[in-house]
1. Are any residues in region 320-339 in a loop (DSSP other than H, G, I, E, B) and either aliphatic (A, V, I, L, M) or open to solvent by 50 Å² or more (accessible area, probe 1.4 Å) (or both), and if so, which ones?
2. Could you say whether any residue in region 333-354 is polar (S, T, N, Q), touching a strand residue (DSSP E or B) at 6+ places or on another chain (Cβ under 8 Å) and touching a residue at least 60 places away in the same chain (Cβ under 8 Å)?
3. Within region 29-43, which residues are over 18 Å from Val102 (Cα atoms) and open to solvent by 80 Å² or more (accessible area, probe 1.4 Å)?
4. For region 150-186, enumerate the residues that are without any contact (Cβ under 8 Å) to a residue 12 or more places away in the chain and among the charged types (D, E, K, R).
5. Outside any loop (DSSP other than H, G, I, E, B) and open to solvent by 70 Å² or more (accessible area, probe 1.4 Å), is that true of Lys26?
6. Filter region 44-57 down to residues that are of a type outside the set (Lys, Arg) and open to solvent by 20 Å² or more (accessible area, probe 1.4 Å) and give me whichever is nearest to Val132 (Cα to Cα).
7. What's the total number of residues in region 285-313 that are under 20 Å from the mean Cα position of the chain (by Cα) and part of a loop (DSSP other than H, G, I, E, B)?
8. Assuming Thr75 fulfils every condition listed in (1) surrounded by 23 or more Cβ atoms within 10 Å (Cβ to Cβ); (2) part of a loop (DSSP other than H, G, I, E, B) apart from one, which condition is it?
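The values are calculated or read from the model by the stated rules, or taken from the named source; none is laboratory data. None of the values given here were measured: they were computed from a predicted structure. Backbone-built Cβ (ideal geometry, glycine too); neighbour counts: all protein chains shown. SASA here: full protein model, heavy atoms, side chains in, ligands and nucleic acids out. Shrake-Rupley method; radii C 1.70, N 1.55, O 1.52, S 1.80 Å.
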Amino acid sequence: MLSPIELRHELHMSPELAFNEYNTQKILSEALKELGVEFHPIAKTGLVVIIQRDNYQPSILYRADMDALPIKEETGWEYCSKNEGLMHACGHDIHMSVMYGVIKKIVENNIPGNYVFIYQPAEETIGGAKYVLDELRERYKIKYATAIHVTDEYKLGEFASTNGTLFACAMEITAKFKGLSAHIAQKEKGIDAIKNAVRFMSEFYDNPVDSNEKGRRVLAGFGKMFGGSVRNAVADYAQVEGSIRGETLEIVIENFERLKVLAEKYGGALERGSLYPPVINNEKLYNLFKDYASNNGTFIDCGMKYTGEDFGFFTMKYPSLMFWAGVRTSEEVFGLHNPKFLPDDSVIPYLVDFMVEWLKLLSKNV
């Protein structure tokens, strides 16, 4: 039977992208079989684990995300990624291993309570949470939902969350500009899509989407731009890709419409991509967690973060609580989505114990 740390090693060596977590699903399934728990596939490459001790008591839902990122690992670790160009650079290997450790302890110690554990695919790009919820429907009576996200922004033993909106609503956006190709020697006969894209970007930077006003906090940015086919011809297309993050869906939509008008001004079209709702913590659960974390570590009220997280789909359906779990055990801080992000194995048993007690506390408050 694997330990949570041994499981982490296997998972870290086998990172997979959204809805391609087939080997991840297999590794987890084999480990769960050893525990003798009931589990089923969900949302194509995910798993749902069921522990029901009382048919009349609602369940606590605990979610861990599974997918990795298209990042080339630079940790030099003996258990580094064997899948070229892919890496668990966001801590999802920790999330899955901690959840496994929690399930293992609940089973071995016959801890009371009803639990639904979700190994969720496709958190990074597609919003796998909504597919999980579509399949769950009303199959289980869920009282509360919870999830953690590790980060080296905080030290091991530090926990951060906030009342209300923890993570912003996040929308992917793409501005597309169509031009007319012409040889560079006769560029006046063409329509320069790159030029129009640059004009769009220039006006965007002169008037950025940026507000810190309470209730209307929002920002937008673009991180990818490309266009044209050859160096000696006017570009017949150009594309700029970015994201809008805001405290509410309304303010995100409002600023999407503003940028749409701006793109059209320069002959472009703005398209929406994936949309994650904000992660909104329940006040009762926040107060319960604040007291629990303060008595079992250090609690930090971090306020709203512009991070996008599809756990927001869960918070729309159930009273929920999500929080940051610090994993820094040295002075180095790499940050999430960094090729050198690698929490130490020692954080896993610590977080397993923390989460077991947190779930027990939630179960007592159903």
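1. If the condition is that a residue be in a loop (DSSP other than H, G, I, E, B) and either aliphatic (A, V, I, L, M) or open to solvent by 50 Å² or more (accessible area, probe 1.4 Å) (or both), then Thr329, Ser330, Glu331, Glu332, Val333, Phe334, Leu336, His337 are the ones that fit.
2. Looking for residues that are polar (S, T, N, Q), touching a strand residue (DSSP E or B) at 6+ places or on another chain (Cβ under 8 Å) and touching a residue at least 60 places away in the same chain (Cβ under 8 Å), one finds none in region 333-354, hence no.
3. Of everything in region 29-43, just one residue is over 18 Å from Val102 (Cα atoms) and open to solvent by 80 Å² or more (accessible area, probe 1.4 Å), namely Pro41.
4. none
5. yes
6. By that ranking, first place goes to Gln52.
7. Result for region 285-313: 9.
8. (1)
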